[in-house]
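To start, the structure under review is shown below, and the notes come after it.
The values are calculated or read from the model by the stated rules, or taken from the named source; none is laboratory data. Everything quoted here is computed from the prediction, not taken from an experiment. Cβ placement follows ideal geometry from the backbone for every residue including glycine, while neighbour counts extend to all protein chains displayed. Keep in mind that these areas ignore ligands, DNA and RNA; they rest on the heavy atoms of the full protein, side chains included. Shrake-Rupley method; radii C 1.70, N 1.55, O 1.52, S 1.80 Å.
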Amino acid sequence: QGGVGELFPRPPTPIPDPQGGRHVAAAMSHKAFHQREIEHLQEQNSRIVAQVEQVEQERDRAHEQIDACREKDADLQSQLQSVRDKIDRLGAKLQQDKSETVAKDEHVRVLGEQNNQMLTLLEQEENKSKGHLNSIQQMEAKNKKLQRIAEEFDGAKAELEAKVAEVKKKCADVVASLRGQRSINENLRANIQNTEAKTRVDIEALGQALQVVDQKNLEYLNRINKQETREKQLQAETNAMKEEIENVRSEIDALRKQLEGDEDGRNQFERARSQIEMAIEGMEVQADTLKKALSTAERANEQMQEENKTSAERCRETADKVYALMDALRLNQVELKKQEAENSSRDKKIASLERSTQNLQAKISMECDAKVLAEQERKEAEQEGLVLKKKNKKIEEAVTVAQAAQEKAEREIVGMNENVSSLQTQNAYLASRIDGQEEEKNAFKAEIRKVSDRCGNLVAENTRLRDEIDRIEEEVATSRNELDSYRKELEYIKREDVLDDAGRQRPVLIQSSDSDLLEKLQINEFLYEAQQARNPVPPMIEKIAQCLALLHEGQGRADQYLSDLSKSNGLVSALRQRNMALFSRTQMFESFKTRALLRYVMNLIEGELSTDLHLDGLSFGPREINELLQLLPRYEANEKVFVISLIDNGLDEDAVNLLLQLIYQLPYLRRLDLKRNCISPEGVKKIEEHIRMMEGVTGVIKTADGVLNVHSGNQLRLVVDATEQLAKTQVAREVDFSVDQSLTHQDADPFLQTNSGASQHPWTKTAAATAPQRAPHQAVPEPTAVELAKPAAAPQPPAVGGPPVGLGG
């Protein structure tokens, strides 16, 4: 019997049978013999098959080596053929180069002979025709010179007339522009004088008002100090009066007691009665005066207290506001600290919760692992029980199967005997086949030796051909170098002898691509004719004299043009100084305009008229809107503005962000009118999108006219009218101080620094023109940041009919 825990149970031990034991032993010995014989035959068969496979592999390798040798042989044959072709081409090219060099040498020799012949012929012809052609050439040369001079004179005259007419036209245009500029400058000067007078009067009025306010403040402080000291004195007097009244009352009580006393006292009292009555009357009069003084002091004290109360209330209000702001700041800080403490506590709680969750997850994972292990142990126990049951069943079945297998083994032994006979015949066939493959192997080895010998011969032939190719390439390189040297020598001969491609002598000419004077003065034609002459020096000297005369005339005209240019440059410098002064004054006017508009808004706010701000057509630009955004919180008027009208102010996309800030800053704004400005549809769309994102806005409806209605629930919160927008070209453009790029203003400044830019015009001798160049323009400060200095003296009273005083005229 097999063990309980074995995976494959042992076969059951047969039960000894005393009667059939001998038959079983004989069957077992016969079966073991057949088994050993079969194993021997199988080992022999496997060895034979391995040898056959080894022989086939050797045959395949031999075939592969043969194929590789054939391919290598084909490559070597193709390389050899290409090398031979290359050698043939190089030889042909070498022969061609040699023939070309021979032809070139012959051509050079022929050209030299032709050149010598031509020189001799030219000398003979010149000697023959010298006497006949001298007079003709001189006359023709003179005629041509006269014609050229006449043509040059006519062309120069026409050019000079055209230039004079153009210069006259430019001078007339400059004079007209100067007159227009002069009128513009006079208008600007008058406007600037008016603005300066207005600003001076406004500054003086503001300084006087500030001085008056300072004086009143000092008077109020002095009065307060005096009233405080007076109050202390009156309090001391009232205390003294009260003490005197108490003393008088005590004396009266004493006198009454004396009157009620004995007769001696009465007699004494009657004797001193008149004195006492007079003293009493004096005391009563003094008490009345003291009461009146006390009442006046109390009234003054009450007035002082009321004034102190009002000032104290004002100070208290400001202090309350400051304290309220400080309290709000403290509350915000406390809330911030609370939030930070809560956040830190929450972070700690979250960290502790994360740690606890990690611990719980670890515990859960441990419990899950323990549970899995327990389930695995349970399953293993169940599986072991099932395996034991199955083993018992298998042991029972194996006993029956063993008996059937014994019968089957006997049948298989018979089949094995038949297989042994067939394998023996197959082994004999394979042995004969191995002998045939050995013969084929020897044949393949002999063929491989032949191919290797052939490859060695091919390699030797290849090295010989490569050496020959290198030698031929060296010969070709030397022939090319010789050819290049011949060509360079030929070029040098042509260049030295001034010859063309045909071997003829070339004339020396001038080439110029920057000027057309060569064509106008016909210099190259003259040089060609002069070089053809026998003695070219006299015509060359005459031509040089003509050119010098032209240069002298051009120099005189250039000096005249330069003097005119210096005069115009002096005028330009004077106009530039004037324009710089006008630019600085225009900047001052812009700053004054901003301050005036802000003063207008401040007057409206101080007069409690800030509910409707109508700022139409006042050039209320982005700079003024920015100042308005800073001005409204300063006067606590954010909640008092309901309507803002900015019609026809030339606002564009640069002011969209400021307008959005204005809408966000004014919580009770009901209408914003932006008609007849320069805001593009993209800017209007941006305003609409930002209004939609406002807190409390539930919807933005755009009407058919383009008006934006902003709703908060069922309530109409805001109306933004951005219709009738204009293009920037339709709006009146401000003064443009940019310079036309077509003018050469960048070259004018360096020229004005030289002596050529000097002028003797009267305008250049003024104080403004002789003053040094001003420094670059500086930025004008914001109007709210400018501190007005106090005037040294009171301003003069405005004259009747003079410029308007202040913003109200």
Q. Asp705 is checked against (1) surrounded by 14 or more Cβ atoms within 10 Å (Cβ to Cβ); (2) over 35 Å from the mean Cα position of the chain (by Cα); (3) more than 24 Å from Glu627 (Cβ to Cβ); (4) in contact (Cβ under 8 Å) with a residue 12 or more places away in the chain and fails just one. What number does that condition carry?
A. (1)
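With Ile276, Ile245 as the choices, which residue is modelled with pLDDT of 75 or more and open to solvent by less than 100 Å² (accessible area, probe 1.4 Å)?
Being modelled with pLDDT of 75 or more and open to solvent by less than 100 Å² (accessible area, probe 1.4 Å) holds for just one of Ile276, Ile245, which is Ile245.
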Q. Pairs, please: C-beta under 6 Å, at least 6 apart or cross-chain, first residue within 26 Å of Arg84 (Cβ to Cβ) and surrounded by 13 or more Cβ atoms within 10 Å (Cβ to Cβ) and in the stretch 465-492, second modelled with pLDDT of 85 or more and small (Gly, Ala, Ser)?
A. none
Q | Among (1) open to solvent by less than 80 Å² (accessible area, probe 1.4 Å); (2) at pLDDT 75 or above; (3) farther than 30 Å from Arg230 by Cα; (4) of a type in the set (A, V, I, L, M) - the single one Ala324 does not satisfy | A | (2)
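Kindly check whether there is at least one residue in the stretch 374-387 that is part of a helix (DSSP H, G or I) and either touching a residue at least 24 places away in the same chain (Cβ under 8 Å) or in contact with a Gly (Cβ under 9 Å, 6 or more places away or on another chain) (or both). Before you say what the answer is, go through the steps one by one.
Going residue by residue through the stretch 374-387, those that are part of a helix (DSSP H, G or I) are 374-387.
Next, only the ones that are either touching a residue at least 24 places away in the same chain (Cβ under 8 Å) or in contact with a Gly (Cβ under 9 Å, 6 or more places away or on another chain) (or both) stay: 384, 387.
The answer is yes, given that some residue of the stretch 374-387 is part of a helix (DSSP H, G or I) and either touching a residue at least 24 places away in the same chain (Cβ under 8 Å) or in contact with a Gly (Cβ under 9 Å, 6 or more places away or on another chain) (or both).
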(Q) Out of the residues in the stretch 62-83 meeting the condition of being among the polar types (S, T, N, Q) and closer than 12 Å to Asn462 by Cα, tell me which one is surrounded by the most Cβ atoms within 10 Å (Cβ to Cβ). (A) Gln79
Q) Mind checking which residues of the stretch 581-613 are part of a helix (DSSP H, G or I), open to solvent by 30 Å² or more (accessible area, probe 1.4 Å) and either farther than 21 Å from Val201 by Cβ or of a type in the set (D, E, K, R) (or both)? A) Phe583, Arg585, Glu590, Lys593, Arg595, Arg599, Glu606
Q: Would you mention how many residues in the stretch 502-532 are at pLDDT 75 or above, loosely packed, with under 13 Cβ neighbours inside 10 Å and among the β-branched types (Val, Ile, Thr)?
A: 1
Q. Quick check: anything in the stretch 540-562 of a type in the set (D, E, K, R), under 30 Å from Gln124 (Cα atoms) and within 60 Å of the chain's Cα centre (by Cα)?
A. no
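Condition check ((1) under 28 Å from Leu490 (Cβ atoms); (2) open to solvent by 100 Å² or more (accessible area, probe 1.4 Å); (3) in a helix (DSSP H, G or I)) across all residues:
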{"residue": "Val102", "(1), (2), (3)": "yes, no, yes"}
{"residue": "Asp105", "(1), (2), (3)": "yes, no, yes"}
{"residue": "Gly112", "(1), (2), (3)": "yes, no, yes"}
{"residue": "Asn127", "(1), (2), (3)": "no, yes, yes"}
{"residue": "Leu146", "(1), (2), (3)": "no, yes, yes"}
{"residue": "Glu152", "(1), (2), (3)": "no, no, yes"}
Q) What pairs come up if the first residue lies in the stretch 646-669 and is within 13 Å of Lys686 (Cα to Cα), the second is among the hydroxyl-bearing types (Ser, Thr, Tyr) and open to solvent by 20 Å² or more (accessible area, probe 1.4 Å), and their beta carbons are under 8 Å apart, counting only those six or more places apart or on different chains? A) Asp652/Ser680; Glu653/Ser680
Q: Please specify each residue of the stretch 355-412 satisfying the condition of being touching a Pro at 6+ places or on another chain (Cβ under 9 Å) and either modelled with pLDDT of 80 or more or closer than 30 Å to His34 by Cβ (or both).
A: Lys394, Ile395, Ala398, Val399, Ala402
Q | Pairs, first surrounded by 12 or more Cβ atoms within 10 Å (Cβ to Cβ) in the stretch 160-174, second among the aliphatic types (A, V, I, L, M) and in a helix (DSSP H, G or I), C-beta under 8 Å, six or more apart | A | Val174/Leu571
